[in-house]
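The values are calculated or read from the model by the stated rules, or taken from the named source; none is laboratory data. Everything numeric here is computed off the predicted structure, so don't read it as measured data. Here the Cβ positions follow ideal geometry from the backbone for every residue, glycine too, while neighbour counts run over all protein chains shown.
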Amino acid sequence: MVGNALNSKDTLSSLRLLRLNQLAAASAMQSLATGKRINRGADDPAGLIASARLSSAIAQLQAETEVASRASAVASTADAALGEASNLLTEARRLAVANADSTLSPAERQANQSQIDSILASVDRIGNTTQFNGTKLLDGNLTIAVTGASLSVARLGTGTAGATEIDGQTYTLADLKTGGALAGSAGGEKASAVLDRAIGEVATQRARIGAFQSNTLAVRVNSLGVAVENLSAARSAIEDTDYAATIAESLRSRLLATFTARMLGSEMAAKRRAFSLLK
């Protein structure tokens, strides 16, 4: 008889409601514990798919952000090296102008020439050794690239820098070194012209790098950051726990489960009493 009571329609319905409310309460507690509304596929199949796609897109954008940030660091390193080269060339120009002064003694002129040689050696050293993570930046082989844009960085070296044609002859910074055609007092205005050209080339290169940094790389990093924020917000709206709503759902489910359990207990007790009277 008791078995029949347990299998009655009302009792089975109450048991089903009790189980559903217990599951809802457990699911709400899990969401509160993990901070995620979707903890398994059954929670929201469509939402799980959308969240996974958004996570993939976010990962791609973050990777592109790292590439752009790294490119900006490379550009900054190259610009700093070129800035040092520019300072050296400016000093070399001052010394070249001084060497053209006929009142200088041979010793003074030689001292100036020694400084020019040292400066030009430093320029070559900057061109040959400036690196970022093992990659040379000023050897003429560097291209700074991000999606849809790139910048080639010219070589820095006395053999090519400042190339200027004067009276049918092309001179470079190398000609200002001891033994060169423009060394010492022989340089004069020609040496100054070559140095002016070299200084201008370095300035132009720095301007190109700076423009690429500010107008391409910085804009790229900022736009990617905004995209990541927007996609992250969209993903959060799909998968993250709404604590206020979930707490309310947890309380509701637990109250309903408690009420259903008590109602079921009362129902079973009443049926047992009724069956006992029939004995």
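Brief remarks follow.
- The range 93-137: number of residues that are of a type in the set (A, V, I, L, M) and assigned to a loop (DSSP other than H, G, I, E, B): 3
Here is a yes/no grid of residues against (1) closer than 19 Å to Leu195 by Cβ; (2) small (Gly, Ala, Ser); (3) modelled with pLDDT of 90 or more; (4) in contact with a strand residue (DSSP E or B) (Cβ under 8 Å, 6 or more places away or on another chain):
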residue: Leu54; (1), (2), (3), (4): no, no, yes, no
residue: Val67; (1), (2), (3), (4): no, no, yes, yes
residue: Val74; (1), (2), (3), (4): no, no, yes, yes
residue: Asp79; (1), (2), (3), (4): no, no, yes, no
residue: Asn87; (1), (2), (3), (4): yes, no, yes, no
residue: Leu95; (1), (2), (3), (4): yes, no, yes, no
residue: Thr103; (1), (2), (3), (4): no, no, no, no
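- Single condition Gly140 does not satisfy, out of (1) in a helix (DSSP H, G or I); (2) surrounded by fewer than 20 Cβ atoms within 10 Å (Cβ to Cβ); (3) not polar (S, T, N, Q): (1)
- Single match in Thr160, Thr172, Thr130 (criterion: surrounded by 18 or more Cβ atoms within 10 Å (Cβ to Cβ) and within 15 Å of Asp196 (Cα to Cα)): Thr172
- Test: residue in the range 163-172 that is under 17 Å from Ser72 (Cβ atoms) and either free of Cβ contacts under 8 Å to residues at least 12 places away in the same chain or not assigned by TED's automatic domain parsing to the domain that holds Ala207 (or both): no
- Selection within the range 171-220: residues that are part of a helix (DSSP H, G or I) and of a type in the set (Lys, Arg). The member of this set that is nearest to the chain's Cα centre (by Cα) is Arg220.
- Within the range 62-71, the residues that satisfy the criterion of being touching a residue at least 24 places away in the same chain (Cβ under 8 Å) and surrounded by fewer than 20 Cβ atoms within 10 Å (Cβ to Cβ) are Gln62, Glu64, Thr65, Val67, Ser69.
- Residues located in the range 181-226, provided they are closer than 30 Å to Ser105 by Cα, out of contact with any Asp or Glu (no Cβ under 9 Å at 6 or more places or on another chain) and crowded, with 21+ Cβ neighbours inside 10 Å: Gly184, Leu195, Ala198
- Failed criterion for Asp44 (all others in (1) modelled with pLDDT under 90; (2) acidic (Asp, Glu); (3) touching a strand residue (DSSP E or B) at 6+ places or on another chain (Cβ under 9 Å) hold): (3)
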